[in-house]
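Let me begin by presenting the structure, written as C-alpha cells, before commenting on it.
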Amino acid sequence: MKIGLIFGTRPEAIKVAPVYHELKNNGINVKAVVTGQHKEMLYQVLNLFGITPDYDLQIMKQGQGLSELTGRLIIKLDEIVKKEKFDYILVQGDTTSVLAGALVGFYNQIPVGHIEAGLRTGNIYSPFPEEANRKLVGNITSIHFAPTDVNVENLLKENYPKDKILKVGNTVIDALYWVKRNKSEDIEAIKRKYGVENKKYILITMHRRENWGKPMEETLKAVRDYLEKHDDLYLVFPMHLNPLVREVAHKVLDTFERKILIEPLEYLEFIAIMDGAHYIMTDSGGVQEEAPSLGKPTLVLRDTTERPEAIEAGTAKLVGTKYEDVIKYMELLEGELYEKMSKANNPYGDGKTSERIRKYLLEKNKC
Ligand code: UD1
Ligand code: UDP
C-alpha cells in the first residue's frame, strides 16, 4: 500500500514534515510529491527536516497567477498519480498545491485525507483564495483531520458525517517539537547572527494576497511611525520572496533606521527569532499557531482569522491593517495587556498529531 503526500509551499512543508517521518519510520510506503509552488523557501524546510522529494514538479514561475498555476499543477500531478497508483493521498492546508492535489486524487478516485481541515473565516475572499480552497477540498475529502474543537464544529455545521472527522491537533506543534528534539543549535548564536541579541524588537511578517498593496503599506507606515517615537524598539522583518511584498517593505521602511530587513529565515532560525521577540505582528497562518506555544503576544494583521483559538486563549488580537488600528494596538501593548497576552497557552496540540494520523490510516487498513 502506498501513500502520496502532495505539498508545495513553505508552510505545508513544515506541517507535513512530521507526518512524512511518522509514516516512514513506521514502515509505511510514503512518497513525497513536491509541486515546487515555492522553491528557495521550500528547500530551506526540506533540508532542515531531511526530506528528499520523490518528485519535484518545479512549477514555480515569478508572479505566478492562480489560474495558470492550478492548471499546470493538475496536469502534472495527474501524470504522477496515474503512474504511482497511490492508495491514499494526503494534502495539508489550503494552498493552490493542496486544491490541485486533492482534485487530482478525486479525479483518479483515490481517497484524499485532508490535514488541517475545518478552518473557516466564513468569507471566501479572506483569506483569498485559501478560504475557498479549503472548502472545496473539504467537499472531496474522505477523512478530515481537524486540529481543534472549533474546526470539528465548523465541519459538522457543513454537514460532513461525524465518522469522517477526526480531531487530531495541528502538526505545526509536532514540527516545533521535532526541531527542538533534533536540532540543538544555539538559539543565542542565531540571535547574534542577526544582530538582535541585545535588542528589544518586534518581529513582523506579511505576505497575504488580500494585503498586497495598500493594506500592507498602511500597516508598515503605522508600525514605522509608532517606532519613530519609541527609540528602544527595533523592527525585524524576514521578507517573503514575493517581489510585491518586498517592494512595499523597502518603500516604507528603507529610510527608517532601527529596522532589520532580512531574507526568509530557515525554520530553526525563525523559531529562535520568534523566541527572542518582544511581540509578533503577522498575517501568517502558521505563525499565529506557533506564537502561543512560545508565549508571544501576537497582533494579527488581518480582518478575519480562521484561527480564533489563540484570540480566545488571550494571546492574540485581531487588528486588521488600518493605520489607526495598528497604532492603537501597539499602544495597548505598552500597558498591562502585554503581561496578560504573554501567558503561554497553546490551543493547537500536544505534538502527537502525526501519530494520530498514522494510527487512523493503519486502523482503517488504508496502508
Ligand atoms: C502561497 C499560498 C499561501 C501561503 C503562502 C506561504 C496560494 C494561493 N497561496 O502564497 O496560502 O500562505 O504561499 O508563503 O497557494 N517566491 C520565490 N521563491 C519561493 C517562494 C516564492 O521567489 O521560494 C516568489 C515568486 O515570485 C512567486 C511569489 O513569491 O511568484 C509568490 O509565490 P506564491 O506561491 O504565488 O505565493 P502566495 O500565493 O503569495
Ligand atoms: N517561517 C519561516 N521563516 C520565515 C517566516 C516564517 O520558517 O522567515 C515559518 C513559520 O514559522 C511558519 C511558516 O513559516 O511555520 C509560515 O509560513 P507562511 O507565513 O509563509 O505561510 P502561512 O502559514 O501564512 O500559510
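Please treat every number below as a calculation from the coordinates, not as lab data. As the structure is a computational prediction, the values presented were derived from the model and not from experiment. Backbone-built Cβ (ideal geometry, glycine too); neighbour counts: all protein chains shown.
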Q. On a 0 to 90 degree scale, rounded to 10, what angle separates helix 267-276 from the longest Cα axis of the chain?
A. 40 degrees
Q: Give, as ranges by residue number, the residues of region 1-41 whose backbone N falls under 13 Å from the point 7 Å along Cα→Cβ of Thr52.
A: 32
Q) Using 1/(1 + (r/R0)^6) with R0 = 35 angstrom and r between the beta carbons of Lys214 and Lys193, what's the FRET efficiency to the nearest 0.05? A) 0.55
Q.
What do you get for the angle between helix 353-363 and the principal long axis of the chain? Use alpha-carbon atoms, 0 to 90 degrees, nearest ten.
A. 10 degrees
Q: Give the Kirkwood hydrodynamic radius (Å, one decimal) of the chain, defined as one over the mean of 1/r across all pairs of different Cα atoms.
A: 20.9 Å
Q. Using the Kirkwood radius built from alpha carbon pairs, what does the Stokes-Einstein equation give as D for region 108-168 at 20 °C and 1.002 mPa s, in µm² per second?
A. 186 µm²/s
Q. Taking region 243-362 on its own, what percent of its Cα-Cα pair distances exceed 17 Å?
A. 64 percent
Q: Let me know the charge dipole size of region 250-367 about its Cα centre in debye, to the nearest 20, where only the beta-carbon of Lys, Arg (+1) and Asp, Glu (-1) is charged.
A: 520 debye
Q: Please give, to one decimal in nm, the separation of the simple spin-label points placed at Ser67 and Lys39, each 7 Å out from Cα toward the Cβ.
A: 2.5 nm
(Q) Taking a ≥ b ≥ c as the square roots of the Cα gyration tensor eigenvalues, with a/c under 1.5 meaning rounded and otherwise prolate when a/b beats b/c, else oblate, which class fits region 1-130? (A) rounded
Q. What trypsin sites (Lys or Arg not before Pro) in region 103-211 are in a loop by DSSP, with at most 15 other Cβ atoms within 10 Å of the Cβ?
A. Lys183
Q) Modelled label-to-label distance, Asn345 and Tyr177, 7 Å Cα→beta-carbon offset: nm? A) 2.1 nm
Q. Around Val19, with a cut-off of 9 angstrom between Cβ atoms, what is the net charge of the other residues, counting Lys and Arg +1 and Asp and Glu -1?
A. 0
Q.
Helix 10-25 against the longest principal axis of the chain: what's the angle in degrees, Cα atoms only, rounded to the nearest 10?
A. 40 degrees
Q: Could you size up the charge dipole of the chain around its Cα centre, putting +1 on the beta carbon of Lys and Arg and -1 on that of Asp and Glu, and report it in debye to the nearest 20?
A: 1000 debye
Q) Given the Cα-Cα distance of Ile262 and Asp78 and 0.36 nm per residue of separation, how much length would full extension add, in nm? A) 62.5 nm
Q. Once label points are set 7 Å from the Cα along Cα→Cβ at both Tyr338 and Asp225, what is their separation, rounded to one decimal in nm?
A. 2.2 nm
